Every structure is written in C-alpha cells, then in structure tokens.
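Q: Pasting a structure here, questions to come.
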Amino acid sequence: MSKERQVTVTCPHCKGKFSCTGWDSINTETDPTLAHQLMHGDPFTVHCPHCSRPVTPNYPTLWHDMKHHAMIQYTASDDEDVIAEHIKSAEEAFEHFRKMGITVKTELRIVTDRVELREKALIFNEGLDDRVIEMMKLIILSTLDRQKDEMPGELRFFVSNKERGFVAVSDAGQLMGTVPFLNDMYSDFVQLMTFEDDETDDYFVNIGWAADYLQAHPTLFDDVD
Ligand SMILES: [Zn+2]
C-alpha cells in the first residue's frame, strides 16, 4: 500500500495556507497509476487554491518497487542527521523482517533529490541495475571528454515511449541533448562488474560511487570504448 497524509503548505507566491495530499510512500504494485505519475509526470506539484499557482511541497517519500526488490528513500533534505535517521529506520525494518524469518533481498537507495528519485524509479522499473547505469555514465562522460566534445555536467537515464536513453544536462541545468542507451554496452558491463555480497551498504549509488568502483577495479573497462 502507498501511504498518504495531509501536508500543510504555505504558498510561496501568495503566502496563503492550505493542505494537500502528500505521499509518504508509493508502492508500484498497489498504486501503478501513482507510480506511473512519478516516473513520467509529477505527483508532488499541486495548485494553490488561493492564487492557482503551482506549488511543490517538499517532504520525504519512500518508493517501493516490490517486483524488482528495490526501495528508494527520498529524504527531502541533505542534512546528515536526517539521512542517518532514514537509514536507521530502514535497517530496523529490514531487521524486523529478518527476525520474522522473511528474507530481505531488497536493495535500498537513499536520494536527496527528486530528479534522482524519478531516475532510479525508472531504472529499477526497467529491471536494470543502477550500479551498472552509473558506470555507463562515467565511461560515456570520459569518452566525451577524450573526444573534446562539449561536456555535459551530468547524464540522466530516461525512458520515453519505451525508448531508453540518457539526457545530457549542462552544469547550469540546460538540456544539451540525448545520448542513446546501448543495450550491448549494458550487457557487457553486467558481465564485467562483480559485486561482493558484503557490499550491502551501497545506499548512495551515483557517479561518485562509479568513480570509487573504477578506482578499485582500474583496468576493468580498458577494452571498452
Ligand atoms: Zn498561492
């Protein structure tokens, strides 16, 4: 089940107060419509009843993809204490299940940005491994760098009309274009990359995670171009 509650919002435009539905958790199995809205739209923005302008209240949301054994916690804050609190409660929940004899295969990710929440939701929904995706981004970026192409600040995985790709975004947040998603590259990387079972604390999987992985496996991608 998804969990909703009423959140009280002060409109940043007219300062009027109102309340709206907030999503503490979104379950992809029980709420496919809401899940689709998160992946391809925006379930968070509402219109102020006083001035009709769009308002996007900020609050934490847990994305639960049961089919792909993935959970993504959006923290709504990059405060270390807030993040630590989210990790603690997730670990307590996992521990609770373990004590009940329920095997927890679920991957947990922590994100501090709703753009990242949507991106990871899409990745897991496609049945893909976000660690491999981050490595693909790192390798694509370094190839662009070598070719002296105009460098995007970042790449974001997207799916549009069932077509996978990466959108290139400049440091200033401008869309620069798209990079095709190469299925062969993905499957090659899946073959190359190994994950040890004790690497369970990969709560933050991003380009920095990929850089660390590459540092630990420096020659792994030498033949890839
Ligand atoms: Zn307003």
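Taken together, the values in this text are just the output of simple stated rules run on the coordinates, not laboratory data. Please read all numbers here as calculations on a predicted model, not as lab measurements. So basically every Cβ, Gly included, is an ideal-geometry build from the backbone, and we count neighbours across all protein chains shown.
Q: Output wanted: per-residue J couplings in Hz (rounded whole) for the stretch 33-40, from phi through Karplus 6.51 cos²θ - 1.76 cosθ + 1.60, θ = phi - 60°, x for Gly and Pro.
A: 5, 5, 4, 4, 4, 5, 6, 10
Q: Quick one: compute the contact order of the stretch 129-225, relative version, from alpha carbon pairs under 8 angstrom and 6+ residues apart, as a percent.
A: 29
Q: Then there is this: Just for the chain, what percent of DSSP beta bridges are antiparallel, to the closest 5? Present the calculation step by step, with values, prior to reporting the outcome.
A: Values: 27 of 35 bridges.
In the chain, approximately 75 percent of DSSP beta bridges are antiparallel ones.
Q: What percent do you get for the relative contact order of the stretch 1-127 when only Cα pairs under 8 Å and 6+ apart count?
A: For the stretch 1-127, the relative contact order is 21 percent.
Q: Ok, one more. Applying the Karplus parametrisation 6.51 cos²θ - 1.76 cosθ + 1.60 with θ = phi - 60° to the phi angles of the stretch 92-98, what ³J(HN,Hα) value in whole Hz is obtained for each residue in order, glycine and proline being reported as x?
A: 5, 5, 4, 4, 4, 5, 4
Q: Which ³J(HN,Hα) values in Hz, rounded to whole numbers, follow from the phi angles of the stretch 125-133 under the Karplus curve 6.51 cos²θ - 1.76 cosθ + 1.60, where θ = phi - 60° and Gly and Pro get x?
A: Residue by residue, the stretch 125-133 yields 4, 7, x, 9, 9, 5, 5, 5, 4 Hz.
Q: Name the shape class, rounded, prolate or oblate, that the alpha-carbon gyration tensor gives for the chain, where a ≥ b ≥ c are the square roots of its eigenvalues, rounded holds for a/c under 1.5, and otherwise prolate holds if a/b is larger than b/c and oblate otherwise.
A: oblate
Q: Provide the FRET efficiency to the nearest 0.05 for the residue 216-residue 142 pair, computing r from the beta carbons and using R0 = 22 Å.
A: Approximately 0.85, to the nearest 0.05.
Q: Name the long-range amide H neighbours of residue 22: under 5 Å, sequence gap of 5 or more, or other chain; modelled H, no Pro or chain starts.
A: 5, 6, 7
Q: Next up: Ignoring the sites themselves, what is the longest stretch of the chain with no trypsin sites (Lys or Arg not before Pro) in a DSSP loop and at most 12 other beta-carbon atoms within 10 Å?
A: 163-225
Q: Further, regarding this structure: If exposed means no more than 13 neighbouring beta carbons inside 10 Å and the site is in a DSSP loop, what's the longest run of the chain without any exposed GluC sites (Glu not before Pro)?
A: By the stated rule (loop sites, at most 13 other Cβ atoms within 10 Å), 30-149.
Q: Let me ask something additional. Below 8 Å, C-alpha to C-alpha, sequence gap of six or more: please give me the relative contact order for the chain in percent.
A: Averaging sequence separation for qualifying contacts and normalising by length gives 13 percent for the chain.
Q: What number, rounded to the nearest 500 deg cm²/dmol, is the helix-based mean residue ellipticity at 222 nm of the chain, given -39500 (n - 2.57) per DSSP H run of at least four residues and division by all its residues?
A: After summing the helix terms and dividing by residue count, I get -11000 deg cm²/dmol.
Q: Further question: How would you rank 186, 74, going from fewest to most other Cβ atoms within 10 Å of each one's own Cβ?
A: Details: 186 17, 74 27.
Arranged by neighbour count, lowest to highest, 186, 74 become 186, 74.
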